[in-house]
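Below is one structure, written out as structure tokens; the observations come after it.
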Protein chains: 2
Amino acid sequence: MELVTINTPGLGDNSYVVAHGGTAVVIDPQRDIERFLAAADDLGATVAMVCETHVHNDYVSGAPALADATGAELVLPAGSGAAFRFRPAFHQEDIAVHGLTLRPLHTPGHTPEHLSYLLIFDDVPVGVFSGGSLLVGAAGRTDLLGSDRSESLARLQFGSIHRLASLPDAVALYPTHGSGSFCSASAVGGISSTIGAERSTNRLLTMVDADTFAADQVRRLERYPSYYRHLGPINRRRPGGIPTDPIPALNPAAVAKLIDHGVAVVDARPAAAVAAGRIRGSWAIELGDSFATWVGWLLPFATPLVLVLEEPDELAEARTALARVGFTDIAGVLWGMDQWTAEHNPVVAHRTMTLQEFVAAGVAPARVLDVRARSEWDGGHLAGSVHRYLVDLAESLPADLDPAQPVYVGCASGSRASVAAGLLADAGYQPVVLLGGSITHLVAMTAEAGSDRNR
Amino acid sequence: MELVTINTPGLGDNSYVVAHGGTAVVIDPQRDIERFLAAADDLGATVAMVCETHVHNDYVSGAPALADATGAELVLPAGSGAAFRFRPAFHQEDIAVHGLTLRPLHTPGHTPEHLSYLLIFDDVPVGVFSGGSLLVGAAGRTDLLGSDRSESLARLQFGSIHRLASLPDAVALYPTHGSGSFCSASAVGGISSTIGAERSTNRLLTMVDADTFAADQVRRLERYPSYYRHLGPINRRRPGGIPTDPIPALNPAAVAKLIDHGVAVVDARPAAAVAAGRIRGSWAIELGDSFATWVGWLLPFATPLVLVLEEPDELAEARTALARVGFTDIAGVLWGMDQWTAEHNPVVAHRTMTLQEFVAAGVAPARVLDVRARSEWDGGHLAGSVHRYLVDLAESLPADLDPAQPVYVGCASGSRASVAAGLLADAGYQPVVLLGGSITHLVAMTAEAGSDRNR
């Protein structure tokens with residue numbers, strides 16, 4: 001028996017391929033199914049079964065597409081409410097697949113229908129696919145189905161993680177949600193562990209009762225992307241794979257026409273390139289791990305898009321990332337800004353500055369707009385700076401900004417600050433994106449600069 | 001808060017109406033919904049919610065029809081797999097209805113999606129609707145979804161009945177399946193109890209582990225009617241109420257024509273009337289509590305029927321009973337046999353005999369055909385008599401019957417014996433139905449007669 005973990009960094013999720021005797025089972029596959037087909041192929045196995053631990057809210061499932069591509073049986077929790085044909089998995093009713101056994105364990109909390117699958121090989125439980133229940137050093141959040149169910153689901157999650165923790169020490173823990181996933185109730189934790197290790201180190205398992213646990217979990221919850229609420233319903237309606245129809249290259253006139261028709265433009269080029277000039281009204285969301293999350297969070301769900309890209313291979317990457325979060329309507333691509341600019345179409349630029357330049361310039365902290373999340377801000381920020389999370393900034397700009405003065409926008413890398421700068425520049429302000437590091441670096445650097453000055 | 005139990009004797013099932021402050025909740029209603037509407041009305045309440053404990057296999061649910069008639073919310077276990085819109089009930093996620101709370105408890109076993117509903121009033125758990133899980137002195141059978149799942153579901157049932165038994169002593173037990181229901185794994189038990197009483201007296205709760213329990217349950221299972229396998233799928237496809245279109249009275253020519261077209265004739269008149277003469281090939285199934293069970297078990301599922309009846313009010317009774325088990329296609333009624341006989345259509349008669357006459361006649365036991373179930377036979381039978389369960393007799397007649405000799409057919413009342421007699425008479429044998437008591441009485445009477453002779 002062999003097991004391969006396939007991580008999807010942007011979402012912080014894991015999928016798993018287990019193979020034995022030429023047969024593979026895939027757990028919680030993403031929508032770009034080629035990775036799982038290739039992994040099974042590498043293991044000399046064909047995919048005979050695709051299992052979902054729960055109805056996912058953070059990505060469009062690849063399970064139906066993978067089942068279609070392979071003829072594999074599609075297994076979902078009995079309570080998933082999926083509006084398509086699937087084999088319902090019921091608590092404790094074993095599923096046998098060519099020498100492997102999956103034992104569904106009802107582990108409600110992250111979602112109410114949630115199952116974990118205990119992997120049994122040669123009558124020995126060797127691992128458990130814990131989905132969004134017990135995670136490495138954490139547990140799946142319980143508020144994705146609405147804040148009204150958050151506490152009762154958290155109490156159920158308490159029972160579920162203890163049920164999993166009662167498995168033998170040597171059982172490997174294979175969670176779907178890992179560090180970086182908004183589905184985790186907290187930011188700690190890695191992607192692999194064992195039941196024994198969790199029992200020794202996962203602080204959530206030390207809590208004395210469900211009420212304590214629930215209060216703790218609900219208190220610690222980070223906000224999650226707005227597109228989540230659309231993906232459960234999509235996953236219940238049998239989403240297909242990623243579209244393969246060609247995406248046309250557009251000329252500036254075609255782009256302008258699409259904009260007139262309400263299509264949104266996402267400029268996915270690097271922050272520095274975007275700063276030099278982007279289409280007025282376009283979203284400056286740099287291609288990278290968080291690209292799709294920000295498109296999904298900031299734009300109306302599944303809105304048709306024009307992408308601005310530089311390199312040919314970026315298109316497949318963007319398309320895959322967007323499809324994972326339910327955006328499949330890509331009207332076309334504008335390859336670079338040269339022709340747009342040459343034709344004197346409306347362009348907006350903004351300045352950038354390295355952290356070093358910022359410190360050297362001695363800018364007053366009150367001119368700094370910090371667009372990181374509340375938890376990052378709480379973890380350390382520039383005293384006197386202004387905080388507004390990018391998500392809130394996209395809803396409405398701060399009322400007291402001075403259009404005559406530069407506003408220095410920072411985050412953890414410059415990515416989110418670029419998005420914010422685009423919004424500010426379009427509104428007539430003078431944003432300056434802080435590049436080359438995080439606000440936390442800036443805090444350290446200004447403290448140092450201050451102590452230098454005081455010497 | 002008031003609670004009314006509504007029993008359906010023929011099926012051995014209970015439905016419940018709980019009312020409080022003008023609002024009623026109905027649990028597991030049968031298809032003849034007028035009873036529940038009337039009960040709610042008597043309680044001065046309108047039905048706001050209809051809850052199912054599980055996908056029923058022994059009757060067509062009245063829940064969708066009742067929801068349609070009242071606008072009530074339809075609540076089913078999340079894992080029911082129903083192909084219509086319903087509110088999914090999830091384990092431990094409370095459902096509030098105007099001052100009442102129903103707490104779903106996942107209690108798999110009878111079926112895998114099975115929920116019990118703990119009724120909470122003024123923060124006090126007062127009763128539990130246990131469906132086919134913990135019954136009075138018994139537990140719901142676990143083989144209705146196939147013998148391959150019977151044992152694993154029985155192990156789950158062990159956990160489920162103990163989960164319910166851990167509720168406070170004073171909690172009333174409101175099971176759906178009671179004595180007389182084929183859904184009970186054994187024949188013992190009444191229809192109402194408390195958790196405390198069950199913990200003291202239900203022998204199943206004294207078993208030490210799930211394996212012992214499962215072995216015991218599977219060993220004790222009685223056969224169940226063949227129509228059961230059709231009702232789960234029907235209940236997942238939102239069955240309507242009982243049809244109300246008029247059923248025509250037929251003349252003999254119309255009946256003969258329908259017979260030619262494959263319609264089955266069910267002669268539902270009393271055993272004595274049927275013995276005097278019935279349509280050749282008709283099923284002699286007396287109207288009464290077991291009428292629909294036998295129609296459902298012996299005839300092809302949902303086959304169109306002509307009924308032979310005597311009294312006008314029998315039609316509604318027959319129609320209701322048949323609709324409960326999925327037979328709604330009633331082509332017409334032949335009112336009595338007079339016209340059929342007068343027109344010289346084919347009639348078959350058979351003899352009847354009281355138990356007293358039988359004993360007085362000194363018939364050899366080897367001439368007695370006992371058509372009761374195996375468990376009844378095992379509980380006591382006439383030494384030397386022949387056993388063949390009615391269900392098996394309908395499949396094929398015993399090969400060694402002598403058409404030149406009378407065969408004395410007995411059961412517990414004469415009802416099943418009449419059905420058997422019809423089959424035998426049509427095949428050219430000379431059945432004599434033993435009326436006026438059960439074979440068990442006959443055993444006692446012949447023992448007495450024997451000891452009288454020996455004096």
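The values are calculated or read from the model by the stated rules, or taken from the named source; none is laboratory data. Here the structure is a predicted model, which is why all the values come from computation and not from measurement. Methodologically, a virtual Cβ is constructed for each residue, glycine included, from the backbone with ideal geometry; neighbour enumeration extends over all protein chains shown.
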- Task: Select from the stretch A:172-217 the residues that are at pLDDT below 95, among the hydroxyl-bearing types (Ser, Thr, Tyr) and touching a Phe, Trp or Tyr at 6+ places or on another chain (Cβ under 8 Å) and list them in ascending order.
- Result: A:Ser192
- Note on the structure: Taking the stretch A:78-96 and keeping only residues that are of a type outside the set (Asp, Glu) and either farther than 20 Å from A:His56 by Cβ or in a loop (DSSP other than H, G, I, E, B) (or both), one is left with A:Gly81, A:Ala82, A:Ala83, A:Phe84, A:Arg85, A:Phe86, A:Phe90, A:His91, A:Gln92, A:Ala96
- Message: Looking at the stretch A:248-293 only, could you name the residues that are closer than 26 Å to A:Asp13 by Cα and either among the polar types (S, T, N, Q) or assigned to a loop (DSSP other than H, G, I, E, B) (or both)?
- Response: A:Ala268, A:Arg269, A:Pro270, A:Ala284, A:Ile285, A:Glu286, A:Leu287, A:Gly288, A:Asp289, A:Ser290, A:Thr293
- Would you please name the residue that is farthest from A:Leu309 (Cα to Cα), looking only at residues in the stretch A:334-364 that are of a type in the set (Val, Ile, Thr) and assigned to a strand (DSSP E or B)? A:Thr354
- Note on the structure: Selection from the stretch B:77-93 of residues more than 7 Å from every other protein chain (Cβ to nearest Cβ) and among the charged types (D, E, K, R) yields B:Arg85, B:Arg87
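Examine the stretch B:292-305 for a residue that is among the aromatic types (Phe, Trp, Tyr) and touching a His at 6+ places or on another chain (Cβ under 7 Å), and state whether such a residue exists. Explain how you work it out, then say what you get.
Initially, the stretch B:292-305 is screened for residues among the aromatic types (Phe, Trp, Tyr), giving B:294, B:297, B:301.
Next, from what is left, pick out any that are touching a His at 6+ places or on another chain (Cβ under 7 Å): B:301.
Yes, the conditions are met somewhere in the stretch B:292-305.
Check the stretch A:66-81 and report whether any residue there is polar (S, T, N, Q) and buried (at least 23 other Cβ atoms within 10 Å of the Cβ).
The initial filter retains those residues of the stretch A:66-81 that are polar (S, T, N, Q), namely A:70, A:80.
Those left that are additionally buried (at least 23 other Cβ atoms within 10 Å of the Cβ): A:80.
Looking through the stretch A:66-81, at least one residue is polar (S, T, N, Q) and buried (at least 23 other Cβ atoms within 10 Å of the Cβ).
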- Residues being over 32 Å from the mean Cα position of the chain (by Cα) and either closer than 18 Å to A:Leu434 by Cα or at pLDDT 95 or above (or both) - total across the stretch A:346-356: 0
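Quick one: which residue in A:Leu102, A:Leu115, A:Leu145 is at pLDDT below 95 and in the same structural domain as A:Ser184 (by TED's automatic domain parsing)?
Details: A:Leu102 fails: at pLDDT below 95; A:Leu115 fails: at pLDDT below 95.
Of A:Leu102, A:Leu115, A:Leu145, the one residue that is at pLDDT below 95 and in the same structural domain as A:Ser184 (by TED's automatic domain parsing) is A:Leu145.
Can you work out which of the residues in the stretch A:219-233 that are outside any loop (DSSP other than H, G, I, E, B) and over 17 Å from the mean Cα position of the chain (by Cα) is surrounded by the fewest Cβ atoms within 10 Å (Cβ to Cβ)? Explain how you work it out, then say what you get.
At the first step, the residues of the stretch A:219-233 found to be outside any loop (DSSP other than H, G, I, E, B) are A:219, A:228-233.
Filter once more, keeping what is over 17 Å from the mean Cα position of the chain (by Cα): A:219, A:233.
Details: A:Arg219: 8, A:Pro233: 12.
Top of the filtered list is A:Arg219.
Filter the stretch B:367-401 down to the residues that are over 17 Å from B:Ser438 (Cα atoms) and in contact (Cβ under 8 Å) with a residue 12 or more places away in the chain and list them by number.
In the first step, residues of the stretch B:367-401 are kept if they are over 17 Å from B:Ser438 (Cα atoms); the result is B:391-401.
Scanning the stretch B:367-401 gives B:Val391, B:Leu393, B:Ala394, B:Leu397, B:Pro398, B:Leu401.
Take the residues of the stretch B:313-338 that are free of Cβ contacts under 8 Å to residues at least 12 places away in the same chain and over 21 Å from the mean Cα position of the chain (by Cα): which is surrounded by the fewest Cβ atoms within 10 Å (Cβ to Cβ)?
If we filter the stretch B:313-338 for residues that are free of Cβ contacts under 8 Å to residues at least 12 places away in the same chain, which is where we start, we get B:313, B:316, B:338.
Of the ones still in play, those that are also over 21 Å from the mean Cα position of the chain (by Cα) are B:313, B:338.
On the way: B:Asp313: 8, B:Asp338: 10.
Looking at the filtered set, the residue picked out is B:Asp313.
Within the stretch A:97-186, considering only strands (runs of 3 or more DSSP E) that don't extend past its boundaries, which have at least 1 residues that are within 14 Å of another protein chain (Cβ to nearest Cβ), closer than 18 Å to A:Ser15 by Cα and not β-branched (Val, Ile, Thr)?
Values: elements: A:100-106, A:115-121, A:124-131, A:172-175.
It comes to A:100-106, A:115-121.
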- Note on the structure: Selection from the stretch A:3-30 of residues of a type outside the set (S, T, N, Q) and under 13 Å from A:Tyr174 (Cβ atoms) yields A:Leu3, A:Val4, A:Ile6, A:Asp13, A:Tyr16, A:Val17, A:Val18, A:Val25, A:Val26, A:Ile27, A:Asp28
- Would you mind stating whether A:Ala83 is aliphatic (A, V, I, L, M), at pLDDT below 95 and out of contact with any Cys (no Cβ under 6 Å at 6 or more places or on another chain)? yes
- Considering each of A:Ala292, A:Ala272, A:Ala268 in turn, give the residue that is of a type in the set (A, V, I, L, M, F, W, C) and within 22 Å of A:Gly232 (Cα to Cα). A:Ala292
- Given the residues B:Tyr16, B:Tyr59, which is the only one that is under 24 Å from B:Asp123 (Cα atoms), of a type in the set (Phe, Trp, Tyr) and either not assigned by TED's automatic domain parsing to the domain that holds B:Tyr224 or not in a helix (DSSP H, G or I) (or both)? B:Tyr16
- Task: Return a yes/no flag: does the stretch A:87-98 have any residue that is buried (at least 18 other Cβ atoms within 10 Å of the Cβ), in contact (Cβ under 8 Å) with a residue 60 or more places away in the chain and assigned by TED's automatic domain parsing to the domain that holds A:Val60.
- Result: yes
